[in-house]
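A short write-up of the structure that comes next.
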Amino acid sequence: MKLSNFFIKTRNDASSVNTCYSHSLMLRAGMINQSASGIYSWLPVGLKVMKKIEKIVRNCHDQGNCIEMLIPTLQPGSVWEKSNRIGSYGKELLKIQDRHEATLVYGPTAEECVTDLFHKYSMSYKDMPCILYNIQWKFRDEIRPKHGVIRGREFLMSDAYSFDETEDMAIRSYERMFGIFVNIFTKIGLPYIAVKADSGEIGGDHSHEFHLFVPDGDNKVFMKKKYQYLMEKCSEFSLKDVNEGGFVSDEKCSGEAMNSEEYISSNSIEVGHNFYFGDKYTSSMDFYVQNKEGKRIHAMMGSYGVGVSRLVAAIIDASHDDKGPLWPVSVAPFNVVILSISNSSKSVNYCNEIYGKIVDMGLDVGYDDRDISLGQKINDAYLIGYSYTAIFGEREIDSNQVKIITRIAGQKSSEEVVEIEGFMNICRGLR
Ligand code: ATP
Ligand code: MG
């Protein structure tokens with residue numbers, strides 16, 4: 001993409017936003033714009049990152065045989081009355097009256113709608129196990145939206161719902177979803193941890209949260225010192241490791257455990273949550289299916305949420321330096337951006353040629369041909385966080401060299417001069 005045709009709107013005047021690093025960065029980098037408290041427009045650069053995260057989340061669900069569908073943002077109040085959550089959910093639930101005075105709810109989650117829908121179409125054990133998911137905007141009228149899109153009122157969530165005939169089968173679906181979440185966060189490519197979370201009145205070992213490590217994140221994860229190696233491993237957890245490792249999130253951790261020298265802790269941000277809740281909704285909503293023996297039973301359910309829009313900000317908070325974000329290549333807004341030092345036709349033609357070659361490799365590449373100074377372009381490269389910025393000038397081209405700025409999670413930011421062929425090999429490696 002030629003950046004003169006794109007919409008890059010970096011700003012210097014957003015530093016007065018005194019919240020967390022990601023919030024101020026996302027405003028300065030022109031990724032989001034606040035529409036109302038806790039409600040944001042996603043500008044093209046921010047949307048590009050969010051779409052890449054969404055794609056990873058979708059692919060991992062699809063590979064795990066979950067089935068995508070789409071629940072509307074506005075849900076009928078009647079299903080929320082059926083589950084009795086219309087009152088108990090609290091003020092976070094935004095209710096709207098339509099012209100016929102019917103109540104609509106802007107969905108903060110979709111257990112009711114999905115349960116209702118599943119039972120309209122699925123009458124027996126033959127329809128299970130079944131895991132439906134949707135990636136849809138949610139609304140929670142948070143009393144204090146904060147840190148930009150980390151705690152918004154409107155946010156994009158991927159939420160999956162499993163339906164099974166028996167508790168044992170439901171636990172197997174739960175385990176399958178745990179594996180899918182491990183794939184998602186491993187693919188995103190930043191250190192993360194799965195922790196046991198509060199499973200409320202249901203009890204048992206079947207509520208887990210996924211967290212990114214963020215030094216000043218609002219959450220805290222704890223674990224037994226003995227299992228520190230799991231915290232360092234940071235990928236491909238098994239459910240067994242997590243349960244044995246004694247991971248706990250803050251709600252679950254008793255004062256005793258928190259103060260005990262046995263434990264180590266780390267600040268973090270919650271980015272995913274899996275929850276098994278059995279027949280909580282199928283029984284309160286009075287839904288039955290037929291089991292193998294022909295008996296009417298309530299299906300057993302779990303729900304599994306990933307904070308897609310929150311992840312954009314959480315990744316920035318987890319991986320940046322004082323110049324800007326260090327994105328994992330998997331979600332960077334551009335993998336490669338080409339810059340020309342001067343407007344000389346030799347340099348510009350060369351950049352066009354290289355740009356064309358990298359486009360042909362199928363990479364997400366930009367050519368910053370905007371009519372602004374080289375300094376401003378480099379400034380934007382740091383602020384937005386292209387994985388590789390390649391700067392071509394006549395002298396470098398003559399000696400077959402290019403200067404590259406590398407900004408990638410887990411690697412030290414660097415500026416170096418390399419052979420052009422070496423740079424092209426780096427690009428091939430990104431495919
Ligand atoms: P939190 O404890 O952070 O308020 P939650 O536990 O209430 O979140 P869940 O119901 O578990 O949220 O939602 C699943 C996922 O959706 C969370 O793990 C988080 O990533 C994301 N999420 C929840 N609330 C918000 C919000 N207000 N803004 C952005 N993302 C959110
Ligand atoms: Mg949660």
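Taken together, the values in this text are just the output of simple stated rules run on the coordinates, not laboratory data. Not measured: the values here are computed from a predicted model. Cβ sites come from the backbone with ideal geometry, for glycine too, and all protein chains shown count toward neighbours.
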Q | the stretch 1-65 and the stretch 82-153: distance between their alpha carbon centers, rounded to Å | A | 25
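Mind putting a number on the dipole of the chain about its Cα centre? Charges go on the C-beta only, +1 for Lys and Arg and -1 for Asp and Glu, and I need it in Debye to the nearest 20. Can you show the working numbers first?
Values: 49 positive and 57 negative charges, 138 e Å.
Result for the chain is approximately 660 debye, rounded to the nearest 20.
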Q. For the stretch 222-227, what does the Karplus curve 6.51 cos²θ - 1.76 cosθ + 1.60, with θ = phi - 60°, yield as ³J(HN,Hα) per residue in whole Hz, taken in order and with x for Gly and Pro?
A. 10, 7, 5, 3, 3, 10
Q | Nearest 10 degrees, 0 to 90: helix 167-188 Cα axis against the chain principal axis | A | 10
Q) Taking the stretch 63-128, which GluC sites (Glu not before Pro) meet the DSSP loop condition and have no more than 14 other C-beta atoms within 10 Å? A) Glu92, Glu101
(Q) List the aspartates and glutamates whose Cα sits under 15 Å from the Cα of Lys126, skipping any in the same chain fewer than 8 residues away. (A) Asp164, Glu165, Glu293
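Quick check on the stretch 58-104: take the gyration tensor over C-alpha atoms, sort the square-rooted eigenvalues as a ≥ b ≥ c, and tell me if it's rounded (a/c under 1.5), prolate or oblate.
Working: a/c = 3.04, a/b = 2.16, b/c = 1.41.
In terms of gyration-tensor shape, prolate.
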Q) What is the magnitude of the charge dipole of the stretch 1-63 about its Cα centre, with +1 placed on the Cβ of each Lys and Arg, -1 on the Cβ of each Asp and Glu, and no other charges, expressed in debye to the nearest 20? A) 220
Q) Over the stretch 1-137, what is the relative contact order in whole percent, taking alpha-carbon pairs under 8 Å and six or more residues apart? A) 20
Q) How high is the relative contact order of the chain, given as a whole-number percent (alpha carbon pairs under 8 Å, six or more residues apart)? A) 16
Q: Work out the charge dipole of the chain with +1 on the Cβ of Lys and Arg and -1 on the Cβ of Asp and Glu about the Cα centre, then indicate which of Gly148, Ser373, Val114 is farthest towards its positive end.
A: Ser373
Q. Rounded if a/c is under 1.5, else prolate if a/b is larger than b/c, else oblate: which is the stretch 79-164, with a ≥ b ≥ c the root eigenvalues of its Cα gyration tensor?
A. oblate
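According to the square roots a ≥ b ≥ c of the eigenvalues of the Cα gyration tensor, what is the shape class of the stretch 30-134, taking rounded for a/c under 1.5, prolate for a/b larger than b/c otherwise, and oblate for the remainder? Don't skip to the answer; put the middle values down first.
Details: a/c = 2.74, a/b = 1.10, b/c = 2.49.
In terms of gyration-tensor shape, oblate.
For the pairs Lys138/Lys225; Lys91/Lys323; Lys48/Lys412; Lys95/Lys240; Lys51/Lys412, flag any whose C-alpha to C-alpha distance is greater than 30 Å.
On the way: Lys138/Lys225 38 Å; Lys91/Lys323 39 Å; Lys48/Lys412 24 Å; Lys95/Lys240 41 Å; Lys51/Lys412 26 Å.
Listed pairs above 30 Å: Lys138/Lys225; Lys91/Lys323; Lys95/Lys240.
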Q: Using Cα positions and a limit of under 14 Å, work out the aspartates and glutamates in reach of Lys9, with same-chain residues fewer than 8 apart set aside.
A: Asp368, Asp371, Asp380
Q: Using a Gaussian network model of the chain whose springs link C-alpha atoms within less than 10 Å, name the residue from Asp218, Asp62, Asp364 with the highest mean-square fluctuation.
A: Asp218
Q. Between Leu94 and residues 5 or more places away or on another chain, which pairs have amide H atoms under 5 Å apart, with H built 1.01 Å from N, and which residues are they?
A. Tyr106, Asp141
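For the stretch 322-398, would you read off the P(r) tail past 15 Å as a percentage of all alpha carbon pairs? Each step should come with its number before you reach the end.
On the way: 1594 of 2926 pairs.
For the stretch 322-398, the fraction of Cα-Cα distances above 15 Å is 54 percent.
Over the stretch 38-143, what is the percentage of antiparallel beta bridges among all DSSP beta bridges, to the nearest 5? Can you show the working numbers first?
Working: 7 of 9 bridges.
Antiparallel bridges make up about 80 percent of those DSSP assigns within the stretch 38-143.
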Q.
Test of understanding: in a Gaussian network model of the chain with alpha carbons linked when under 10 Å, which of Ser238, Ser344, Ser249 would top the mean-square fluctuation ranking?
A. Ser344
Q. Among Asn267, Asn400, Asn219, whose mean-square fluctuation peaks in a Gaussian network model of the chain (Cα, cutoff 10 Å)?
A. Asn400
Q. Which angle from 0 to 90°, rounded to the nearest 10, does the C-alpha axis of helix 111-121 make with the longest principal axis of the chain?
A. 70
(Q) Could you derive backbone 3J(HN,Hα) for the stretch 87-97 from the dihedral phi with the Karplus parameters 6.51, -1.76 and 1.60 (θ = phi - 60°), listing whole Hz in sequence and x where the residue is Gly or Pro? (A) x, 6, 5, x, 6, 5, 7, 8, 10, 10, 9
Q.
Taking the 0 to 90 degree range and rounding to the nearest ten, how far is the long axis of helix 420-429 tilted relative to the main principal axis of the chain, both from C-alpha atoms?
A. 10
Q: Could you run the Karplus curve 6.51 cos²θ - 1.76 cosθ + 1.60 with θ = phi - 60° over the stretch 376-384 and give me ³J(HN,Hα) per residue in whole Hz, x for Gly and Pro?
A: 5, 5, 5, 4, 5, 4, 6, 5, 8
Q: Only Cα pairs under 8 Å and at least 6 apart count here; give the relative contact order of the stretch 112-193 as a rounded whole percent.
A: 27
Q. Amide H to amide H, which residues 5 or more places from Val271 or on other chains are under 5 Å from it, using H placed in the peptide plane?
A. Phe210, His211, Leu212
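In µm²/s, what is D for the chain at 25 °C and 0.890 mPa s, where D = kT/(6 pi eta Rh) by Stokes-Einstein and Rh is the Kirkwood radius from Cα pairs? Walk me through the intermediate numbers first.
Working: Rh = 23.6 Å.
Translational diffusion coefficient: 104 µm²/s.
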